[in-house]
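**Q** Let me begin by handing over the structure; questions about it come next.
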Amino acid sequence: MNPLFDMAKRQYELNEITAGPMWAQKRLNWDVAIVVEASELMDSLDWKWWKDGDIDLDNAQLECIDIWHFALSMALLPAGLHAAETELKDLYEQYRKRNAYFFKDLAIMKCLDIVHLVSRQKGPVHSSGIYLLRLVSDLSIWLGINMDDIPKMYFGKSILNEFRQKNGYKDGTYKKIWKDGKEDNKVMMELTHNLDYNDEFGKNLSKMLEDAYSSLSE
């Protein structure tokens, strides 16, 4: 089993859809995307000492999964998809052994490490890409995300995006607030926690999303 490689294959497909089959030859702003997501993540952790606020850990975790999308793209750039297969498997097995728990200060520090790395990287370097994924793995751990939950959340977000498009997101008829006033993102995260990551994961999650969304009209 190599869930991070499964994620990389999916990301490769998504990049072909959104940026064309030659996406790897284009200078796309993965670094900018990561910096923006990291900033939004830190805002969710209430880092401003001069202003009262609340920590939104659920949103911080979602922002982390968004970072995974862009970090995988950077890691795949230099050598292609299959060149990273073994390294991704090793990374997954290594971080599976670590216990995840929320540690605000370490999460913010790791965000800054990620921003620093992508800001000074002038071109795609394979070693830097894999190192970036290690930093994002560290960030996930300090946000309380176990390595086994990362592929579930990654594919969950992808499936939710597809579900949105099929249910009127583009024309504005889609309902983003679901039962009990929860946003669809948070409903998706709750559902993924009750599912095992296997070949039926996507099918099962899609059915659960459909059932939960249909109940809004009852």
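**Q** Are there trypsin sites (Lys or Arg not before Pro) in the stretch 66-101 that DSSP puts in a loop and that have at most 15 other Cβ atoms within 10 Å, and which ones? Each step should come with its number before you reach the end.
**A** Details: sites: LYS89, ARG96, LYS97, ARG98; in loops: LYS97, ARG98.
Within the stretch 66-101, the qualifying trypsin sites (Lys or Arg not before Pro) (loop, at most 15 other Cβ atoms within 10 Å) are LYS97, ARG98.
**Q** Here is a follow-up. Amide H of PHE102 versus every other amide H placed in the peptide plane: which residues, excluding those fewer than 5 positions away on the same chain, fall under 5 Å?
**A** GLY144
**Q** Any chance you could run the full-extension gain for LYS176 through MET22? It's 0.36 nm times the residue separation minus the Cα-Cα distance, nm to one decimal.
**A** Length gained, LYS176 through MET22: 52.1 nm.
**Q** Considering the options VAL118, PRO3, GLN25, tell which one lies farthest towards the positive end of the dipole of the chain, charges being +1 on Lys and Arg and -1 on Asp and Glu at the Cβ, about the Cα centre.
**A** My answer, from the dipole projection, is GLN25.
**Q** Expressed as a rounded percentage, what relative contact order does the chain have, with Cα pairs under 8 Å and six or more residues apart?
**A** Once divided by the residue count of the chain, the mean separation gives 21 percent.
**Q** Among LYS97/LYS170; LYS51/LYS152; LYS51/LYS110; LYS89/LYS186; LYS26/LYS157; LYS9/LYS48, which pairs are too far apart, with a Cα-Cα distance over 32 Å?
**A** Going by Cα-Cα distance, LYS97/LYS170; LYS51/LYS152; LYS9/LYS48 fall outside the 32 Å limit.
**Q** Placing +1 at every Lys and Arg Cβ and -1 at every Asp and Glu Cβ, with all other atoms neutral, what dipole size does the chain have around its Cα centre, in debye to the nearest 20?
**A** So the magnitude is around 540 debye.
**Q** Under the definition of Cα pairs under 8 Å and six or more residues apart, what whole-number percent is the relative contact order of the stretch 151-217?
**A** It comes to 43 percent, rounded to a whole number.
**Q** Note down, for the stretch 74-116, the three equivalent ellipsoid semi-axes (square root of 5 times each alpha carbon gyration tensor eigenvalue), biggest first, whole angstrom.
**A** Semi-axes from the Cα gyration tensor: 25, 17, 5 Å.
**Q** Name the residue from TRP178, SER217, GLY168 whose Cα lies farthest towards the positive end of the charge dipole of the stretch 151-217, charges +1 on Cβ of Lys and Arg and -1 on Cβ of Asp and Glu.
**A** After comparing all options, I get GLY168.
**Q** OK, next. Would you please give the residues with an amide H less than 5 Å from that of GLU183, counting only those at least 5 places away or on a separate chain, with H modeled from the backbone geometry?
**A** Answer set, sorted by chain and number: TRP178.
**Q** Another one. Of the listed peptides 200-212, 130-142, what is their order by residue-averaged count of other C-beta atoms within 10 Å, with the highest listed first?
**A** 130-142, 200-212
Bear in mind these aren't lab numbers, they're just calculated from the coordinates by the rules spelled out. These numbers come from a predicted model, not from an experiment. Methodologically, a virtual Cβ is constructed for each residue, glycine included, from the backbone with ideal geometry; neighbour enumeration extends over all protein chains shown.
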